Amino acid sequence: MPNFTGQLKGNSLSQTIVSCNDTPGHQLMLRAGSAQQTCSDPQFNNTRHSSWSTADITNGHGHERGYFTNEHANGDREGGSWEGKITTKGDQVTFEGSWKYTHGTGHFAGISGNGTFKGHMTSPSDSEVTFEGSYQLKAGTKAA
């Protein structure tokens, strides 16, 4: 399975936070985001990354899970799901977790693979993420 590393620089397109009154500091979040992806593997470099997630946070700490799609210049897509933890120390919000491919179209139909990610918020709506992982294309498809 080929390995790769990469980076996402993106922002929230839409974000809704609901404060729960069951426990002090408890919030639920729904977010949609967009990012530009750069990657060490040319097949995944310069793609448009979209993500949608939910988070359950208490006093700045919690879990988030969601879905992602990467759109390539020719319209092919690959995507999957991810989950991780959110940690807040002072004004710094960080997150880390794991991801996996669940689907693809065109060249990426039948893709499988997984990896990890780490990131931080650079503003209330912007983030930077680094990721690593490996993938396998369906039989008969050439990897880079």
**Asked** Of (1) 55, 24, 24; (2) 43, 32, 27; (3) 64, 36, 27, which is the value of Cα extents along the principal axes in Å derived from the coordinates here?
**Response** (1)
**Prompt:** What dipole magnitude, in Debye to the nearest 20, does region 45-144 give about its Cα centre under +1 on Lys/Arg Cβ and -1 on Asp/Glu Cβ?
**Reply:** 320 debye
**Request:** Determine ³J(HN,Hα), in whole Hz, for all residues of region 91-101 in sequence, where each value follows from phi through the Karplus function 6.51 cos²θ - 1.76 cosθ + 1.60 and θ = phi - 60°; x replaces Gly and Pro.
**Result:** 8, 8, 9, 10, 8, 7, x, 10, 9, 8, 6
**Item:** Segment GLU128-TYR67, length gained on full extension (0.36 nm per residue, minus Cα span)
**Value:** 20.3 nm
**Asked** What is the Cα centroid distance between region 73-144 and region 1-65, reported in whole angstrom?
**Response** 10 Å
**Request:** Can you tell me the relative contact order of region 3-136? Whole percent, Cα pairs under 8 Å, sequence separation 6 or more.
**Result:** 21 percent
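Every number in this text was worked out from the coordinates using simple rules, so none of it is lab data. A quick note: this is a predicted structure, and the numbers were derived from the prediction, not measured. Counting neighbours? That spans all protein chains shown, and the Cβs are built from the backbone with ideal geometry, glycine included.
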